[in-house]
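Trainee: So that we are looking at the same thing, I have put the structure below in structure tokens.
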Amino acid sequence: MIKFVLSDMDNTLIPFGNELVSQRTIDAIHACQEQGIDVGPASGRDRGELSSFFGGDASCYNTGVLVNGQRIYYLGEIVYEKTLPRDELRAVERLVAPLEGCAFITYRDNNFGDWVGEPRERLGAMYDRSFMCGGRRHEMLPDYPVVKAGIVCLDPGRLTQLQRQLGEMCPDLIFPNTVVNWMDVSLRDWNKGDGVKILQRVLGLADEEVCVFGDADNDLGMLNAVPNSCAVANANENAARAARWHVGASADDGVAIALEQIAEAGRIYNETGEDVLPAFMRSAD
């Protein structure tokens with residue numbers, strides 16, 4: 001029986017740019033919880049950013065694998081954390097900050113994004129999407145421990161080149177392009193999959209009791225970490241190939257529908273003791 005579900009946020013649980021998850025998604029999460037199945041985010045975002053997406057309903061994000069596995073929450077408390085190497089962040093700053101159409105963001109206090117690079121008016125819509133509580137532009141990278149960072153790049157052609165340059169300069173970091181005009185800054189040898197394993201140990205769950213949903217390269221670690229891995233229909237080729245199961249698109253509430261089916265399987269188990277697969281898992285592997 002599935003006992004815990006983790007879902008990526010942007011373009012998986014919610015289309016990128018939307019301000020709220022759908023009511024169907026909230027209802028489906030609650031339906032799972034009523035059957036003793038917890039649901040949480042597995043996101044590049046941190047907990048403070050997630051509150052507004054769920055209308056402040058902390059039951060939807062109290063436990064999760066956040067900041068691409070670098071910060072793990074259980075019942076609203078941090079149980080594990082990894083910071084980014086300071087010297088390599090400085091190298092990113094030196095390359096990215098002077099570039100036209102680019103900004104390098106480091107986050108503090110969950111969701112305040114400080115940045116170097118282009119001013120707010122030149123970042124356009126990406127400012128609102130990247131600085132969830134209104135960050136501040138700096139001349140130099142602020143001096144505090146950094147768990148979460150990212151890069152805005154408004155030129156798609158430059159983004160690919162920038163990824164390559166940064167990868168050569170920063171051996172301990174990776175720069176996955178997770179949504180349009182955006183790269184995460186993450187640890188090379190650490191990902192959401194590592195976070196899933198830590199949270200599994202905290203919850204005392206076996207691999208087959210966990211189900212994960214994703215759409216992009218930063219989800220590959222967790223899609224490969226457990227057998228019940230799922231990709232939404234709008235997933236990129238790598239994520240679709242890595243997933244065992246496939247559900248509807250983010251824009252069509254694909255994860256919400258799958259959660260409803262997980263809740264129904266949980267109801268059957270709780271009422272009869274019969275361990276049935278959720279409907280979307282009843283196709284051939």
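The values are calculated or read from the model by the stated rules, or taken from the named source; none is laboratory data. For clarity, every value in this text was computed on a predicted model and none was experimentally measured. Glycine gets a Cβ as well: all are built from the backbone with ideal geometry, and neighbour counts include every protein chain shown. Accessible surface areas use protein heavy atoms only, side chains included; no ligands, DNA or RNA. Shrake-Rupley method; radii C 1.70, N 1.55, O 1.52, S 1.80 Å.
Trainee: Ignoring ligands, DNA and RNA, please state the percent of accessible area on the chain from carbon and sulfur, probe 1.4 Å.
Mentor: Result for the chain: 46 percent of the exposed heavy-atom area is carbon or sulfur.
Trainee: In the neighborhood of residue 99, defined by Cβ-to-Cβ distances under 10 Å, what is the net charge if each Lys or Arg adds +1 and each Asp or Glu adds -1?
Mentor: Once positives and negatives cancel, what remains is -2.
Trainee: Which net charge results for the neighbourhood of residue 34, defined as the other residues with beta-carbon distances under 13 angstrom from its beta-carbon, given Lys and Arg at +1 and Asp and Glu at -1?
Mentor: -4
Trainee: Per residue, how many Å² of accessible area does the chain show with a 1.4 Å probe? Could you put the intermediate results ahead of the total?
Mentor: Details: 11990 Å² over 285 residues.
Accessible area per residue: 42 Å².
Trainee: Something else now. To test your reading of the geometry: what angle, between 0 and 90 degrees and rounded to tens, separates the Cα axis of helix 192-203 from the longest principal axis of the chain?
Mentor: Taking Cα atoms only, the helix is inclined about 50 degrees.
Trainee: Would you compute the Debye intensity of the chain from its alpha-carbon atoms alone, equal scatterers and no solvent, and pass along log10 I(q)/I(0) at q = 0.08, 0.09, 0.13, 0.14 Å⁻¹ to two decimals?
Mentor: Debye output, listed in q order: -0.32, -0.40, -0.83, -0.95.
Trainee: Students often forget the sequence filter, so: which aspartates and glutamates lie under 17 Å Cα-Cα from residue 82 once same-chain residues fewer than 8 apart are removed?
Mentor: 46, 109, 143, 172, 184, 189, 194
Trainee: Mind putting together the pair-distance distribution for segment 32-169? All Cα pairs, 5 Å bins, whole percent per bin, short to long.
Mentor: 2, 10, 19, 19, 19, 14, 9, 5, 2, 1, 0
Trainee: Kindly provide the trypsin sites (Lys or Arg not before Pro) of segment 134-243 that DSSP labels as loop, not H, G, I, E or B, and whose Cβ sees at most 15 other Cβ atoms within 10 Å.
Mentor: Passing sites in segment 134-243 are 136, 188.
Trainee: Kindly express, to the nearest 10 degrees and within the range 0 to 90, the angle between helix 86-96's C-alpha long axis and the longest C-alpha principal axis of the chain.
Mentor: The angle comes out near 70 degrees.
Trainee: Could I ask something else about it? Quick one: Karplus J couplings for segment 168-174, per residue in order, coefficients 6.51, -1.76, 1.60, θ = phi - 60°, nearest Hz, x for Gly and Pro?
Mentor: Here the 3J(HN,Hα) series is 6, 7, 10, x, 9, 10, 10 Hz.
Trainee: Follow-up question, since we're still on this one. Report the Cα centroid-to-centroid distance between segment 170-200 and segment 76-115 in angstrom, as an integer.
Mentor: Here the answer is 13 Å between Cα centres.
Trainee: Quick one: grab the alpha carbon gyration tensor of segment 202-258, order the square roots of its eigenvalues as a ≥ b ≥ c, and give me rounded if a/c is under 1.5, else prolate or oblate depending on whether a/b is larger than b/c. Provide the component values of the computation, followed by the final result.
Mentor: Values: a/c = 2.31, a/b = 1.44, b/c = 1.60.
It comes out oblate by the Cα gyration axes.
Trainee: Work through the residues other than residue 216 whose Cβ is under 15 Å from its Cβ and net out their charges, Lys, Arg +1 and Asp, Glu -1.
Mentor: Details: positive: 45, 192, 241; negative: 8, 10, 184, 215, 217, 219, 237.
Local net charge: -4.
Trainee: Return the lysines within reach of residue 3: Cα separation strictly under 25 angstrom, same-chain partners fewer than 8 residues apart disregarded; answer none if there are no such residues.
Mentor: Within reach: 192, 197.
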